[in-house]
Amino acid sequence: MEGAHRVENGDQEKTGCGLWYGLNDPRNTDLKVESNRDPKNTGVLNAALWAILEEPPFNDLLIKTTSRTLTNGILNNLRNWEATNYLNVEHKDLFRAIAANLRN
């Protein structure tokens with residue numbers, strides 16, 4: 001899973017993400033993502049959410065990422081963010097959705 005951005009036509013940024021399950025796996029995909037800021041983390045968080053939503057409930061799910069934003073957010077900060085109703089948390093809508101869907 002990876003999020004990335006590239007610059008085309010001057011200042012116009014394009015944000016996207018990709019999920020890779022394995023060689024020639026039909027679930028491999030890439031997504032275009034709308035982003036007004038922080039395109040790399042927006043891409044990674046959307047990729048994580050997509051992977052969670054695509055996996056059937058109660059299946060084991062392993063997400064491999066180099067994103068500290070994702071891992072620190074879910075593993076270290078989530079309880080504090082929930083206690084403060086995600087006050088001043090960047091990407092709070094994505095983190096809320098990821099947490100809610102991981103619990104389902």
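None of the figures in this text is laboratory data; all of them are computed from the coordinates on show. From a predicted model like this one, the values you see are computed outputs, not experimental measurements. Backbone-built Cβ (ideal geometry, glycine too); neighbour counts: all protein chains shown.
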Would you compute, for the Cα atoms of the stretch 12-104, the largest minus smallest coordinate along each principal axis and list the three values in descending order, in whole Å? 43, 40, 19
If you add up the charges near Tyr86, with Lys and Arg at +1 and Asp and Glu at -1, over every other residue whose beta carbon is less than 14 angstrom from its beta carbon, what do you get? 0
